[in-house]
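Each remark here refers to the structure printed beneath this line.
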Amino acid sequence: MQFRRRGERVQCLAPYYDREAKRVRQRMVHSMPFWAASPDHAPALSDLPQDATDEERQQWRGQIVAHLLTRQGIESVQKQERAHTSFERAATNLVDAWPSMSADQRKAVRGALRRIERVVVPSTRKKADPQPEPRPRAGGTPARAPSSRTFDGALVARARALRGEGMAMAAIAERMTGEGTPVSKSWVQKVAGGSSPA
C-alpha cells in the first residue's frame, strides 16, 4: 500500500490489477488526517470499500495500522529530540541569566531543578553500569575470591575430594584454576577447610 499526502489528508492507495488495461492501478481505500499518528485512527473494516473481500479489507487495515505505528514511533523520537534540544537551550539561557536573576527567580529555578532531579536521578541510578569483573592478581587468583554461594555443589565437592586426597589448600586452588574454575586459597579453605586429609 502507498500512502500519499494531499494537503492535510493522507490517502491510502491499494494496488489492484486492471485486466482490461493489463496493468496495475491504485485505488484509494481510505483517507485520514495528516497528523494522525496512532493506531486509533485506523479505519474499521466496515469503513473500507464494501466491494472488496473481507480478506482484502483485513489486509488493508493491517497495512494502515502498521503505517500508523511507524508514524507513532517517528513522532515519539522527534518529540524526545525536541525536548532535549529545548532543554539544552533553556539550560544555556539559564546559565547566562543567573547572575542577573532576583532571589525569587532563583528560588523558582531551584524548585524546577529539584522536580527534574526527582524524575531523572532515580532512573539513572536504577540503570547503573554493571560492575566490572575483578582483575586477577599477579599470582593468577582473582582479586576477590567468589563466595561459596556462587558455586554449585559439584565444585564444592571437587574441592573437598581433592582435600580428602591430601592436597594442600594452595595446590587445590591452583589445580581448580588450571581446570577453568578460578578460585583462591581462601575459598578452598572456606568450603573444604573442615575436611582433614586422609
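Would you be able to say whether some residue in the stretch 45-65 is in a helix (DSSP H, G or I), out of contact with any Ser or Thr (no Cβ under 6 Å at 6 or more places or on another chain), modelled with pLDDT under 90 and closer than 24 Å to V120 by Cα? No, there is no match, as no residue in the stretch 45-65 is in a helix (DSSP H, G or I), out of contact with any Ser or Thr (no Cβ under 6 Å at 6 or more places or on another chain), modelled with pLDDT under 90 and closer than 24 Å to V120 by Cα. Inside the stretch 1-11, residues that are in contact with a Ser or Thr (Cβ under 8 Å, 6 or more places away or on another chain) and within 14 Å of R71 (Cα to Cα) make up a count of 1. Of all the listed residues (A198, A138, A145), the sole one being surrounded by 15 or more Cβ atoms within 10 Å (Cβ to Cβ), at pLDDT below 80, of a type in the set (G, A, S) and not in a helix (DSSP H, G or I) is A145.
Quick one: which residue in Q11, Q72 is outside any loop (DSSP other than H, G, I, E, B), over 26 Å from the mean Cα position of the chain (by Cα) and surrounded by 11 or more Cβ atoms within 10 Å (Cβ to Cβ)?
Q11
When the stretch 148-179 is filtered for residues that are at pLDDT 80 or above, surrounded by fewer than 17 Cβ atoms within 10 Å (Cβ to Cβ) and not in a helix (DSSP H, G or I), the ones remaining, listed by number, are E165, G166, A168, E179. The residue of the stretch 14-44 that is farthest from E75 (Cα to Cα), among those that are of a type in the set (S, T, N, Q) and in a strand (DSSP E or B), is Q26.
Got at least one residue in the stretch 94-103 being in contact with a Lys or Arg (Cβ under 6 Å, 6 or more places away or on another chain), surrounded by fewer than 16 Cβ atoms within 10 Å (Cβ to Cβ) and at pLDDT 85 or above? Checking the stretch 94-103: not a single residue is in contact with a Lys or Arg (Cβ under 6 Å, 6 or more places away or on another chain), surrounded by fewer than 16 Cβ atoms within 10 Å (Cβ to Cβ) and at pLDDT 85 or above.
The values are calculated or read from the model by the stated rules, or taken from the named source; none is laboratory data. These figures come from a predicted structure and were not determined experimentally. For neighbour counting, all protein chains shown are included, and Cβ atoms are generated from backbone atoms with ideal geometry for every residue, glycine included.
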